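Enquirer: Pasting in a structure now, in structure tokens, and then I'll have a few things to ask.
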Amino acid sequence: MKRGVVTRGLRFGLVVGGVCALGWGAVWTAGVMDALVLGHWHVVPSALVSEVILVGGSLFAGALLGLLLGVTLALAPSWLTSHGLLRRILAGVVAGTLFLGEAVVSVEGGILPMLLMIMGIPVIGLVAAACSGHIAGTNRRHAWLWPRPPLSTNVRALPWRGRLRAVVELLWH
């Protein structure tokens, strides 16, 4: 198994799931606030439960997508992952298929959100295909997929101004 591929795949999946969870959280929080303002108190508990299911389910579906994508690219033969077109097709098909889990989670929101997630399947497949080289480890253009060295080892050797700058950069990025 190739080193770090599963971790980068999991990072990719968490970003995909996080974007979906952020969208669900914003929409359902607005719905809960609307129910509170209008005085429909009986709707609020069920809306909060739906929000928790959608946000948690999106994060879980994204983590599962990324984990299985990483495992697939790690276990794929090297002739497949070294050939760009075949690797992209493999990653796009796997991610697009696994994004159906997000469509299943979105059933909690109704038919329109489910149809929206189904329309997002090709988009996620294309994004996974574009990032497949980074997940498989053949190039390093996207820094967010690659782990950073531990901050503590780099900071100890710096003077106090360098430490302050490192902490500011860590918080900023």
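Enquirer: Given the options A61, A130, A95, name the one that is open to solvent by less than 70 Å² (accessible area, probe 1.4 Å), in contact (Cβ under 8 Å) with a residue 24 or more places away in the chain and within 16 Å of V5 (Cβ to Cβ).
Expert: Going through A61, A130, A95 in turn, the sole match is A95.
Enquirer: Of the numbered conditions (1) under 18 Å from the mean Cα position of the chain (by Cα); (2) closer than 21 Å to F12 by Cα, H83 satisfies every one except a single condition; which is it?
Expert: Every listed condition holds for H83 apart from (1).
Enquirer: Related question: Checking the structure you have, find out if any residue of the range 28-46 is in a helix (DSSP H, G or I) and under 20 Å from the mean Cα position of the chain (by Cα).
Expert: yes
Enquirer: Going through I111, I89, I124 one at a time, which residue ends up being among the aliphatic types (A, V, I, L, M) and open to solvent by less than 30 Å² (accessible area, probe 1.4 Å)?
Expert: Exactly one residue qualifies, and that residue is I124.
Enquirer: Please determine, by comparing only the residues of the range 70-85 that are of a type outside the set (A, V, I, L, M, F, W, C) and in a loop (DSSP other than H, G, I, E, B), which one is modelled with the lowest pLDDT.
Expert: So, considering only residues that are of a type outside the set (A, V, I, L, M, F, W, C) and in a loop (DSSP other than H, G, I, E, B), the one modelled with the lowest pLDDT is H83.
Enquirer: Evaluate the following for E102: is it at pLDDT below 85 and either touching a Cys at 6+ places or on another chain (Cβ under 8 Å) or among the basic types (K, R) (or both)?
Expert: yes
The values are calculated or read from the model by the stated rules, or taken from the named source; none is laboratory data. Not measured: the values here are computed from a predicted model. So basically every Cβ, Gly included, is an ideal-geometry build from the backbone, and we count neighbours across all protein chains shown. All accessible areas refer to the heavy atoms of the entire protein, side chains included, with ligands and DNA or RNA removed. Shrake-Rupley method; radii C 1.70, N 1.55, O 1.52, S 1.80 Å.
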